[in-house]
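The values are calculated or read from the model by the stated rules, or taken from the named source; none is laboratory data. Quick caveat: nothing in here was measured; it's all calculated off a predicted structure. Cβ sites come from the backbone with ideal geometry, for glycine too, and all protein chains shown count toward neighbours.
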């Protein structure tokens, strides 16, 4: 044979099946383009000008591997549509005397041509759009914009390596399918129906049980730390449960429709239900894949958009004022009024020396420690707390003296000895009494609704309980004595001073640095009587948040685009492959008098029966995922439920519109294939 024989056969096969190959090649190119852009951003020198550059590089590097792994899984899935379409052709070659080794050569050249075209288009697109992506990223993170164009050799090499391996594995898989199939089975591959899977009820019940379990975990989880561990288990349960429920459910649903004679024995419904029965398992698996991808898109879009648009809320909750100071003490006796007054005077003197007048200032004493509530009693000794309890049942307890609370909140509350006011943060906690094992017990006189606290409560991932008590020194003496681990006291004591200024952002940062240097001085510590200090400034710290949330949002949008691309391709191949499979049946129906209008009705009946079910189930998944994703957002100090609900609703609306458009376009492609069946056959 001539040298160019196999390449010509491969190119001819691609050209004749361009309706199948073109979207596959474009999708591969899109994956390559996204991978190149993420890798380009990971190694871009522009990141060096942004705060948290190393964190950003790690995030983009992680994102690139997410795309690589997803691309491998997804391209294997979609390649199965291509090889299924080509099996009949390969079977014919085999019947005419061409050996399996010769067919493997054709597959080699087809894969090589597809890989070269896909990777080339992807790299060209990636290089062309990488600068726009970089500008968008820098703008999102409020960084300095540069307009230097460059090509990343590292990103190009990595693309060639990753996608070269993926296409090589696709080739091996295709050769395997042809190698272990007879010529007859290859010829009949498109016409082979599916046998209903055994144990439909068992698989269906198991799938529903897994979904119910995942929903229960997501809806009942309270602790953000526990939510992090539960989330991954719930995701696996949802994925497996969705596949089992939809595969078995599609079978049961088709049987139910067949038994309903008033529905089944109508021209449009008869054809559509018969077509669905023909490929019950594959139909369910395809719909489940669409549902999982849709859920992934909704979760990523809603959560990252919520973080990005809520970054100001996060900054203000973590850093309540322009300047935030926390002075640490070792002993409860240091909390006496005269000691904290000396410290307050010292802070005011430093501000006055710099011509700064405090605005919206508040000051209060606070003592805090971690504890686990077990049988209505709080255990604070870490020796007796198990790891599981520390993850699932731990709280951060804050104690504030009544005098400081009244001053900060402008109230006139009164308490007797042993009484307390209770304020719960990130938890709905109701009790009449809180008892600390081996320590004090407090009768809850009243539950308060708000407290202007420090950024500690916002920063900490645990739920918090604040107790306002008459006096810290006398009210916490027993707790202070027992809350000890390896010789160190667990009760942390702080005097908190938060204030606004009328300074410009640059002046605020200068003041922050001046105060930090001053209060870290050992002689100042000794004079004012504290042992440590933590200082923070909104203006100084906000760039870190812009960088983190901006990169998360940007990476989330890129991953959403990749998953959307995958969703479109699955829907397209589902419609096209099923169209070719149904072509012969519709040709017969047209010969016995079925009109194109009736074909359109039958198609609409089939598609509307099942096509929007994945979208509905994805919306249900998202509703049950809402509580656990919200808990995960608390780890980023974001507690804006209304904003998260809004981004979730908008994401669902955008995806529904997009999904409907794809449905219309792909249903038209399906209609064109089956309605032209008679002309193509003749």
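Among 9, 50, which is modelled with pLDDT of 80 or more, over 24 Å from residue 160 (Cα atoms) and surrounded by 15 or more Cβ atoms within 10 Å (Cβ to Cβ)? Walk me through it before giving the result.
Values: 50 fails: modelled with pLDDT of 80 or more.
Exactly one of 9, 50 is modelled with pLDDT of 80 or more, over 24 Å from residue 160 (Cα atoms) and surrounded by 15 or more Cβ atoms within 10 Å (Cβ to Cβ), namely 9.
For the range 629-645, name all the residues that are surrounded by 15 or more Cβ atoms within 10 Å (Cβ to Cβ) and in contact (Cβ under 8 Å) with a residue 60 or more places away in the chain.
Pass one, the range 629-645, residues surrounded by 15 or more Cβ atoms within 10 Å (Cβ to Cβ): 629-634, 636-640, 643-644.
Listed by number, the residues that qualify are 629, 631, 632, 633, 634, 636, 637, 638, 639, 640, 643, 644.
Enumerate the pairs (first residue in the range 369-390 and within 12 Å of residue 483 (Cβ to Cβ); second residue anywhere and at pLDDT 60 or above and exposed (fewer than 14 other Cβ atoms within 10 Å of the Cβ)) with beta-carbon separation below 9 Å, excluding pairs fewer than 6 apart on the same chain, so at least 6 apart or on different chains.
Every condition considered, the pairs that remain are 381/485; 382/485; 383/485.
Here is a check on your reading of the model: is residue 69 over 25 Å from residue 545 (Cβ atoms), in contact with a helix residue (DSSP H, G or I) (Cβ under 6 Å, 6 or more places away or on another chain), part of a helix (DSSP H, G or I) and modelled with pLDDT of 75 or more?
no
This table checks each residue for (1) at pLDDT 85 or above; (2) assigned to a helix (DSSP H, G or I); (3) surrounded by fewer than 19 Cβ atoms within 10 Å (Cβ to Cβ).
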position: 148; (1), (2), (3): no, no, yes
position: 163; (1), (2), (3): yes, yes, no
position: 168; (1), (2), (3): yes, yes, yes
position: 173; (1), (2), (3): yes, yes, yes
position: 181; (1), (2), (3): no, no, yes
position: 186; (1), (2), (3): no, yes, no
position: 190; (1), (2), (3): no, yes, yes
